[in-house]
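What follows is one structure encoded as structure tokens, with my remarks underneath.
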Amino acid sequence: QRFGGGGTRSPVHTESNQGLLSRRVTDLALMSWKLCIPAGAAAGAIGMTLMRVEESRRSDCGFLGITFPWESKSSGSRKYVFGGNWKCNGDVKSVDGLVETLGKCGPIPANAEVMVAPPFLHVPIVTGTIRPDIAVGGQNVSLFPNGARTGEISAAMMKDMGVSWVIVGHSERREGFGMAGESSELVALKTKVAVSGGLSVMACVGEKLEERDAGKTLEVCYEQLKPLATKLNEDDWANVVIAYEPVWAIGTGRTATPEQAQEVHKAIRDWLAKNVSDKVAAETRIVYGGSMKGKNAPDLLKQPDIDGGLIGGASLKAEFFDIVNATPSK
């Protein structure tokens, strides 16, 4: 199964590591007391030890083999992920050509994974011909299992066709196509159904231009995240990626600056820590979905809380791999 289940991540903290650090600090404190070393100097020694631990960890010297709970992405705790959303584009000929183009784009960086989400009618073509290191996703999933539900496609059907990912809550679906758009509650329910059905999920959040101009960016994102926190248990989050897509930047040629994007990504991660758990906040990948291109990808991906991208128009051409290849090296 290609990239099934969203991959595994190394734990950010273990009891044995905590005990090792605790013993080291305790030994220093006892030695300081026995030798009558002033408290200030003892505290300085302990502080220097912690600094040595951190420095040795960063240089892979293995001074104590400790991994801290505040690990940043640069230390390898989160793998980059890129999703290509082909939307309602293409025909059999163009899909065959795009699959062929992607097959010639060279290797995927070792610290990244890639999936593409074609229209449902083209899924069988793509699953049968795409290079094996690119996973296939869907652009929507039914809230219900197989049955008398005209026009619906269930998670089980998708799994049966070799699909391992699904995009939910995209701004276009929240807006609706001549019908009522999807609510955040519905998006959360679909996310739960998809994860329970064995799919990995890119769940989208993001604000419109008027909401950004009104200073409501974070308020909007938090409201869209709340139902996810309610519906998902902690284990579910291992198979969920959050895609922040500022609606005002999708298909407009505009994009948030790297600093603007990082600010929102960091706020989302902080929200997860407060409302779900520190573990989920540290391990959940948050990708940028607002007109990421080959030219702006390097600067966006340098940001500590941007873990990849959900790519629209650029995923329909070889430029998709310019973005993937902008993945920072570990």
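The values are calculated or read from the model by the stated rules, or taken from the named source; none is laboratory data. None of these values were measured; they are calculated from a predicted model. Glycine gets a Cβ as well: all are built from the backbone with ideal geometry, and neighbour counts include every protein chain shown. These accessible areas exclude ligands, DNA and RNA; they are computed on the full protein's heavy atoms, side chains included. Shrake-Rupley method; radii C 1.70, N 1.55, O 1.52, S 1.80 Å.
Between Rg and the Kirkwood Rh of segment 169-212, both from Cα atoms, what is the Rg to Rh ratio? Present the calculation step by step, with values, prior to reporting the outcome.
On the way: Rg = 11.7 Å, Rh = 11.4 Å.
Using Cα coordinates only, the ratio equals 1.03.
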Worksheet item: Which value, in Å to one decimal place, does the Kirkwood hydrodynamic radius take for segment 249-289 when every pair of different Cα atoms is included?
Response: 11.2
Practice prompt. Determine which residues of segment 305-330 fall in the zone a paramagnetic label at Lys93 would reach in this model, i.e. backbone nitrogen under 18 Å from the point 7 Å along Cα→Cβ.
Written response: 317
Response to the item:
Nearest-0.05 FRET efficiency for Asn111 and Glu175 at R0 = 41 Å, using Cβ-Cβ distance, is 0.75
Worksheet item: Which translational diffusion coefficient, to the nearest whole µm²/s, is obtained for segment 264-330 from the Stokes-Einstein equation, given a Kirkwood hydrodynamic radius over C-alpha pairs, 20 °C and 1.002 mPa s?
Response: 170
Worksheet, complete the sentence: Judged on accessible area alone, 1.4 Å probe, highest first, Phe144, Phe320, Phe177 line up as Phe177, Phe144, Phe320
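Beyond 17 Å, what share of the Cα-Cα pairs of segment 117-188 remains, rounded to the nearest whole percent?
The share of Cα pairs beyond 17 Å in segment 117-188 comes to 48 percent.
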Discussion item. Sorted from largest to smallest, which semi-axis lengths in Å does the alpha carbon gyration tensor of segment 88-229 give for its equivalent ellipsoid, taking the root of 5 times each eigenvalue?
Written reply: 28, 20, 15
Item to complete: Distance between Cα centroids, segment 286-318 to segment 197-276: provide it in whole Å.
Response: 15
Worksheet item: Rule-of-thumb check for segment 170-250: C-alpha Rg over 2.2 N^0.38 Å?
Response: 1.10
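State the extension gain, in nm to one decimal, for the chain segment bounded by Leu209 and Ala148, taking 0.36 nm per residue of separation less the distance between their alpha-carbons. List each step's numbers first, then the result.
Working: separation 61, 0.36 × 61 = 21.96 nm, distance 3.94 nm.
Result for the pair: 18.0 nm of gain on full extension.
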Response to the item:
Binned at 10 Å from zero, the C-alpha pair distances of segment 199-325 give percents of 13, 46, 32, 8
Fill in: All lysines inside 29 Å of Lys226 as judged from Cα atoms, apart from same-chain residues fewer than 8 positions distant
Lys73, Lys79, Lys87, Lys159, Lys190, Lys192, Lys208, Lys216, Lys266, Lys274, Lys279, Lys302
Worksheet item: With every protein chain left in place, what is the accessible area of Val280 in Å² (1.4 Å probe, nearest 10)?
Response: 10
